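Everything below concerns the one structure shown next.
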C-alpha cells in the first residue's frame, strides 16, 4: 500500500548551538490513536472525534479521513470507506494514498471502472508504484485481459524481484498464454529461493505437462506427493504423467484416498481413476455439489475424464470432455478449465 503522506519527519542533525529541542507536534501526537492500533473500531472512533472536533485543517484533516477510511475497510464497511477517501480527495486532490485506497475499495465492490480510473491517476503520479500495478493486474485477470495483467506484474517484479506472490501469479498467467518456458523460468526462481514452495512445484509440473515433458512433470508431482501425500490433485497428475510414460501406477491414488472421505472432492475423481466408480456416477457426483461450486466441479471432472480418454487413445471423447470443461465457465481461477482449453489447442494442432 502506498505510504500515507502524513509522516513524522526524521529530525535534522543537531547543530553545535545549545538551542532547546523543539516541542512535539501536537497534531501528530493527537493523530496516533486514529492512525495506529489493532482495533479498527477504536481507530474509526478516534478518527471521527478528530474530524468532528474542529482541531484539524488542510492535509491533516484529509489524513484523518484516510485513516478512518482504512479502518472502515477493515470493518468491511466498504461504502463508508469510499466516502472517507473521497472526502480526503476533496481536501487534497493530490493525496495518492486516498486514491489508491479508494481504488482498492471500488475493486472490492466490483466497481472496476472506478477502480481502474483511480489506479490510473495514481500511476500518473507514481508510474511504477508496485502495489497499484499489482492490484490493477488482478482486475485485468478478472476481465480476461491476461496480457495486460502480465505486463503489470512484470512492472512489479522489476522493482520487487523477490515478490513471490507476483512471480507465482505471473507464472500462472504465462501458462494460460502458452508461454510455458517463461512460466517455468519464474517457477524455477521461486523454487531456488524456497525449495518447499509447493504451489510453485505444482504449477511447474503443470507447465511441463502441457509442453509434453512428462518425465519432468512426473518428477515434480512425485516430489509434491513426498512432501504431502494428502494432495489428491498431485496424485491424479502424477498418475497421468507416469501413464503417458507407460507406467500406470495407482499407488499415489491409493495413498491420497486414505486421507479423505469418499465423497469429499476430488475423491470421486480419484475413485474413477482407481476403477471404483463409473463415469456416469462421477458426473452425477459433480452435479451434486453446491451450486456455487458446480462450474468448478464440472470443469475438473471433464478435464480429468478428458485426460483419461487420452490415455485410452480416444481422442474424440477427450475432445468432447475438454470442450465441456471449457463450456462450464468455471473462470480464470479453475486450473483445470484453463488446462482443458490448452489441451484442446494441442489436439487442434495435431489434427492440422
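Observations on the model:
- Cα-based shape type of region 46-202, given that a ≥ b ≥ c are square roots of the gyration tensor eigenvalues and the cut on a/c is 1.5: prolate
- Tensor-based shape of region 29-127 (alpha-carbon gyration tensor, a/c under 1.5 rounded, otherwise prolate or oblate): oblate
- Estimated FRET transfer efficiency (residue 126, residue 254; beta-carbon r; R0 41 Å; 0.05): 0.15
- When shorter helices are ignored and each DSSP H run of at least 4 residues is given -39500 (n - 2.57), the per-residue value for the chain at 222 nm works out to -22000 deg cm²/dmol.
- Globularity index of region 275-352, i.e. its alpha-carbon radius of gyration over 2.2 N^0.38 Å: 1.06
- Considering only 126, 137, 235, the Gaussian network model of the chain with Cα springs below 10 Å gives its largest mean-square fluctuation to 126.
- Label-point separation in nm, residue 281 to residue 185, each point 7 Å along Cα→Cβ: 4.8
- The coefficient of translational diffusion for region 76-122, derived via Stokes-Einstein from the alpha carbon Kirkwood radius under 20 °C and 1.002 mPa s, stands at 211 µm²/s.
- Between region 238-292 and region 327-342, the alpha-carbon center distance in angstrom: 18
- In region 214-259, Rg over Rh equals 0.93, where Rg is the alpha-carbon radius of gyration and Rh the Kirkwood radius from pairwise Cα distances.
- Here the contact order of the chain, divided by its residue count and restricted to Cα pairs under 8 Å and six or more residues apart, works out to 7 percent.
- Region 134-211: relative contact order in percent, alpha carbon pairs under 8 Å with at least 6 residues between: 22
- Rounded if a/c under 1.5, otherwise prolate or oblate - region 156-274, Cα gyration tensor axes: prolate
- Take the Cα of residue 193, step 7 Å toward its Cβ, do the same at residue 226, and the gap between the two points is 2.4 nm.
- Spread of Cα-to-Cα distances over 20 Å intervals beginning at zero, given as percent, for the chain: 25, 43, 26, 7, 0
- Label-point separation, residue 345 to residue 320 (7 Å along Cα→Cβ), nm: 2.6
- Across 240, 91, 82, mean-square fluctuation computed from a Gaussian network of the chain (C-alpha pairs under 10 Å connected) peaks at 91.
- Length added when fully stretched, residue 145-residue 109, from 0.36 nm per residue minus Cα-Cα: 11.0 nm
Values in this text are rule-based calculations from the coordinates and carry no lab data. Treat the numbers as computed from the prediction; the structure is a model and nothing was measured. Cβ: placed from backbone, ideal geometry, glycine included. Neighbour counts: every protein chain shown.
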